[in-house]
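Written out below as structure tokens is the structure these notes cover.
The values are calculated or read from the model by the stated rules, or taken from the named source; none is laboratory data. Bear in mind that the values here come from a model prediction, so they are computed numbers and not experimental data. A quick note on method: Cβ atoms are made from the backbone with ideal geometry, for glycine too, and the neighbour counts reach across all protein chains shown. These area figures cover heavy atoms from the full protein model, side chains too; ligands, DNA and RNA do not enter into them. Shrake-Rupley method; radii C 1.70, N 1.55, O 1.52, S 1.80 Å.
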Amino acid sequence: MNDAALTDLLAACRAYAGGRVDTRFNVAAQAFYASAKAQPKIAARAARELSRLPPPGAAVLANMLGTIVEKGGAVERSGPAVWELYLAWLPQIHRGFAGRKELSPRQRQLLDAFQLLGQSAVSHLSGMPQERALAAGNKALMAQLVELQDYTPGAAWVRQVLLSRSDDLLVLHLPRRQGFRLRYENIVNCFHLFTLIQAAFGERLPGGRAPNRFIVDMARCVTVVEEGNDEPWWRYQTVRPDEPGLADISGEESVEAIFRIDGRQIIVLSPPVEGAALWDTSFFTPQLFAMPANVVLEETLTLSEAEEWFAKAGFPTAEAAGIQGADKP
């Protein structure tokens, strides 16, 4: 393997002190990218050097490795080393703020480089589901991210990754007794989910409408979030095991709060309540372009399938309720 590209890049990383990279660094970086394309294993060798580099150089190299992963490189070559470095830096930065004293020169240097490292961590974690699940269950780690998210996007982005969920979803439209299977990806809160459910249905159901592309593109991470608002086309409810009837879903809640029946999350749609809360586009942030959010309508249930799910949710049959199904004359 030709080590020249890696050797030159590591030398440039050691000399890099932060800020804009110079011409020498750009030349070394382009040569490394070309080498990594021809010899993919060089990314693993570069990742092993991360902990030996000064923070500015380590962060910029980690960011480059994230770019390689986003372009199709194998996440296992560099992901573990990038995540290990992130977990090593995070508590050092956190101690600086927790002590409510001026940051030490070392902590300031780590903080200045943390945004680049955070970008790389997001790129890698998007392809590391086991590590995401393990980290999301680490209460100490999540607490540190919460406390640092207002000081550095490197913490806010990674926290968003660890809170994001992807799952199957069953939507029951109560007035028409119809059921649908959907799939959502990389969503944290229910307001974000509502926007993308509405985009998936469009005008298919009563009360639906043509989606607002300006809002939907922001929700799907197609465009950068700007100021804007969305509103509910339907009332969003679910069944609670400890409450009779239906319970409203709070848009601010995590999507994990949606109740499950037989392992599948259930949302029941009905006409909207007058004066229902709007939500703004801040619920789509922080945006993760390496893990874009989306909802896909996968299947419309048959009438019998829909009735089976309505029964599981505690509703009488359409005949008993005196309601005609959508596919009945």
Checklist outcome for this item: Heads up, the range 1-133 by the C-alpha gyration tensor (a ≥ b ≥ c square roots of eigenvalues; a/c under 1.5 rounded, else a/b over b/c prolate, else oblate) looks oblate
Checklist entry - Whole-Hz Karplus ³J(HN,Hα) for the range 158-175, in order, using 6.51 cos²θ - 1.76 cosθ + 1.60 and θ = phi - 60°, x for Gly and Pro? => result 5, 4, 4, 4, 6, 8, 5, 10, 10, 6, 7, 9, 10, 10, 10, 8, 5, x
Checklist entry - Arranged from highest to lowest average of other beta-carbon atoms within 10 Å per residue, in what order do the peptides 222-230, 151-159 appear? => result 151-159, 222-230
Checklist entry - Relative to the longest principal Cα axis of the chain, at what angle does helix 139-148 sit, 0 to 90 degrees, rounded to 10? => result 80 degrees
Checklist entry - Can you give the accessible area per residue of the range 1-152, in Å², using a 1.4 Å probe? => result 53 Å²
Item to check | FRET efficiency, 1/(1 + (r/R0)^6) with R0 25 Å, evaluated for Glu253 and Glu231 via beta carbons | outcome: 0.90
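Of the heavy-atom accessible surface of the range 1-119 (probe 1.4 angstrom), what whole percent is carbon and sulfur?
50 percent
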Checklist entry - Rounded, prolate or oblate: which fits the chain, taking a ≥ b ≥ c as square roots of the Cα gyration tensor eigenvalues, rounded meaning a/c under 1.5, else prolate when a/b beats b/c? => result prolate
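Would the range 159-309 count as rounded, prolate or oblate if I go by the C-alpha gyration tensor, calling it rounded below 1.5 in a/c and otherwise prolate when a/b exceeds b/c, oblate otherwise?
Prolate is the answer for the range 159-309, as a/c is 1.5 or above and a/b outweighs b/c.
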Item to check | Cα centroid of the range 60-75 to Cα centroid of the range 268-294, whole Å | outcome: 30 Å
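Got the relative contact order for the chain handy, in percent, Cα pairs under 8 Å and 6 or more residues apart? Could the numbers behind the result be given before it?
On the way: 502 pairs, mean separation 52.1, N = 329.
16 percent.
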Item to check | Using θ = phi - 60° and Karplus 6.51 cos²θ - 1.76 cosθ + 1.60, couplings along the range 61-68 (whole Hz; Gly, Pro as x) | outcome: 5, 4, 5, 5, 5, x, 4, 4
Checklist entry - So how much slack lies between Val273 and Lys71, counting 0.36 nm per residue of separation and subtracting their Cα-Cα distance, in nm? => result 68.2 nm
Checklist entry - Residue by residue, what Karplus-based ³J(HN,Hα) values in Hz, rounded to whole numbers, does the range 114-129 have, using 6.51, -1.76 and 1.60 with θ = phi - 60° and x for Gly and Pro? => result 5, 5, 4, 5, x, 4, 5, 4, 4, 4, 6, 4, 4, x, 10, x
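Which order do the peptides 113-126, 183-196, 16-29 take when ranked by the mean count of other beta-carbon atoms within 10 Å per residue, highest first? Numbers along the way, then the final one.
Working: 113-126: 25.0, 183-196: 22.6, 16-29: 14.0.
Descending mean neighbour count gives 113-126, 183-196, 16-29.
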Next on the checklist: Please list, ordered by chain and number, the residues whose modelled amide H lies under 5 Å from the amide H of Ser254; skip anything fewer than 5 residues away on the same chain.
Outcome noted: none
Item to check | Amide H contacts of Arg165 (H built 1.01 Å from N, under 5 Å, at least 5 apart or other chain) | outcome: Asn186, Ile187, Val188
